[in-house]
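Colleague: What follows is a structure written as structure tokens; I'll ask about it next.
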């Protein structure tokens, strides 16, 4: 066979073998990939897929504001969006607000103004200053005052759409100045051995939260007596009795309300206000009756509690002692026409004053409360939309949208307030001085040119002239004590000269004879 034919056959055979090899390798690769995929699917070596975190939606967003109330959520509103705002008696609310302003202005004028760490801080001072010279006598002007000085802000507890209200009043009770067979329940003033850290023992109206101690000797402090121990006579016979009542249930409800009027047989009376408590947390006796299934929740009221206690004297004693908190009173000099004094130190206004959580809110803050309440009867749903002023507090009032509505004194006020336990909408009126844009608009605009006093200290010349005044000569009498500050064009720096570096002369190389190997 010719050599050329042999070469052609050899090349053809080699090409066929190469193609077969490629096919075999490809099949091996595909098989290996299929095997790996099968192994992963059956042996779960692929990374697990994490479920997406669910989004938690709130009734309305938490908005950035120039203040913060712990545990609260807010929604800024326009006045047109405040339901029932135009239907209220704004003049009555304005008069109540001005009463709070008297206390606020007195604190601001003190030698050492009280620092206010709460959300609104001292911002109520500006609306109070605006209200001081105004003698508003009609509702329209009072409404305009609130709209010009405040911004409405709907507020509630985080995750809840509404707030919650209850009612309170000033009981009017029959009593005696001395102990008798009928009047044998003592009403105590604050004992001298009751001690609260950070307060003097002669301070008026000690706080209703926090630890309270009984002082033994000079240094030893122990927790104070609870309700059961006090009812059993631990502080009896020490001259602490202000008056005596018929029924321990009357005393319990006077302590819950924080004030009372006691009328004596001779026609005289005494007004009592909260002064201190024994340091134990308040426990609602109505909640215990609901939990025990004695009174259904939808039927719970102050009247129902009184009715059950009157029918079950032994059970009433045990129920009272479930609430270990005990209130001590002080006498206040008020006429029968005056309402009870709130924690702000001013007489309350029936239907306009509320008690709030004093750890969150500032006394004097206006709240517009809207909803339906059983004012006329237990089954009634009376529309309620009223601007009320925070002037009091209570140990059971906890939360950013929680209020106790004050309804006055006597049995009628007690019947209305005793059946209130209802959710309501809360709109807090925030002073416009807290709005950053309003605050910036009130800042003084700087002067475009320096004042004459500053100009004398720092004389300036017109730099556009670019001329320097000649220096004063030593012999010039006019320029003897005169200093002249001049300004001229700033000279540019001189560029570095382009000088080539001098080259060093090369050393001559000596020719040395090579050492012969």
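Just so you know, all these numbers are worked out from the coordinates, no wet-lab data involved. Computed from a predicted structure; not experimentally measured. Cβ: placed from backbone, ideal geometry, glycine included. Neighbour counts: every protein chain shown.
Colleague: Arranged from highest to lowest average of other beta-carbon atoms within 10 Å per residue, in what order do the peptides 337-346, 350-359 appear?
Modeller: Details: 337-346: 19.1, 350-359: 21.6.
Per-residue mean Cβ counts within 10 Å order the peptides as 350-359, 337-346.
Colleague: Let me have the relative contact order for region 227-381, percent, based on Cα pairs under 8 Å that are six or more residues apart.
Modeller: Computed value for region 227-381: 24 percent relative contact order.
Colleague: Relative contact order for region 333-432: what is it in percent, counting Cα pairs under 8 Å that are at least 6 residues apart?
Modeller: 35
Colleague: Moving on. Quick one: if you stick a label point 7 Å off each Cα along the C-beta vector at residue 265 and residue 322, how many nm between them?
Modeller: Those two pseudo-labels are separated by 3.7 nm.
Colleague: How much length would be gained if the chain were fully extended between residue 172 and residue 288, taking 0.36 nm per residue of separation minus their Cα-Cα distance, in nm to one decimal?
Modeller: 39.2 nm
Colleague: For region 365-409, take the convex hull of the Cα atoms, compute a quarter of its surface area, and give me that in nm², please.
Modeller: Dividing the Cα hull surface by four gives the mean projection, 4.0 nm².
Colleague: Also, quick follow-up: Would you mind computing, in nm to one decimal, how far apart the modelled labels at residue 381 and residue 204 are, each placed 7 Å from Cα along Cα→Cβ?
Modeller: Placing both labels 7 Å beyond Cα along the Cβ direction yields 4.5 nm.
Colleague: Right, here's the next one. Taking the radius of gyration and the Kirkwood hydrodynamic radius from Cα positions alone, what is the Rg/Rh ratio for region 237-339, to two decimal places?
Modeller: Ratio of gyration radius to Kirkwood radius for region 237-339: 1.00.
Colleague: Label residue 232 and residue 132 with points 7 Å out from Cα along Cα→Cβ: what is the distance between them in nm?
Modeller: Going by the 7 Å Cα→Cβ label model, 5.5 nm.
Colleague: I need the calculated FRET efficiency for the pair residue 332 and residue 181, taking r as the beta carbon distance and R₀ as 35 Å, to the nearest 0.05. Don't skip to the end; give the middle numbers.
Modeller: Details: r = 29 Å, r/R0 = 0.83.
The computed FRET efficiency comes out at 0.75.
Colleague: Same structure, new question: Give the peptides 260-270, 411-421 in descending order of average Cβ contacts within 10 Å, highest first. Could you put the intermediate results ahead of the total?
Modeller: Working: 260-270: 15.2, 411-421: 18.7.
Going from most to least packed, we get 411-421, 260-270.
Colleague: Give me the extension gain from residue 222 to residue 303: residue separation times 0.36 nm, minus the current Cα-Cα distance, reported in nm with one decimal.
Modeller: Result for the pair: 25.5 nm of gain on full extension.
Colleague: Mind giving me the FRET efficiency for residue 79 and residue 412? R0 is 30 Å, r the Cβ-Cβ distance, nearest 0.05 is fine.
Modeller: It comes to 0.35.
Colleague: Starting from the exponent 0.38 and prefactor 2.2 Å, build the expected Rg for region 137-269 from its residue count and divide its actual Cα Rg by it. List each step's numbers first, then the result.
Modeller: Values: Rg = 21.3 Å, N = 133, 2.2 N^0.38 = 14.1 Å.
My calculation over the Cα atoms of region 137-269 gives 1.51.
Colleague: If you don't mind, another one. May I ask for log10 I(q)/I(0) of region 295-336 at q = 0.18, 0.31 Å⁻¹, from a Debye sum over the Cα atoms as equal point scatterers with solvent left out?
Modeller: For region 295-336, the Cα-only Debye profile gives -0.71, -1.09.
Colleague: Turning to a different aspect of this structure: Radius of gyration and Dmax for region 214-267's Cα atoms, expressed in Å?
Modeller: Cα radius of gyration and Dmax of region 214-267 are 14.5, 45 Å respectively.
Colleague: In nm, what is the difference between 0.36 nm times the number of residues separating residue 68 and residue 148 and their Cα-Cα distance?
Modeller: 26.5 nm
Colleague: A further question on this structure: Calculate the FRET efficiency for residue 139 and residue 492 from the Cβ-Cβ distance with a Förster distance of 60 Å, rounded to the nearest 0.05.
Modeller: 0.20
Colleague: Which order, highest average first, do 197-203, 230-236 follow once you tally other Cβ atoms within 10 Å for each residue and take the mean per peptide?
Modeller: Top to bottom by mean Cβ count within 10 Å: 230-236, 197-203.
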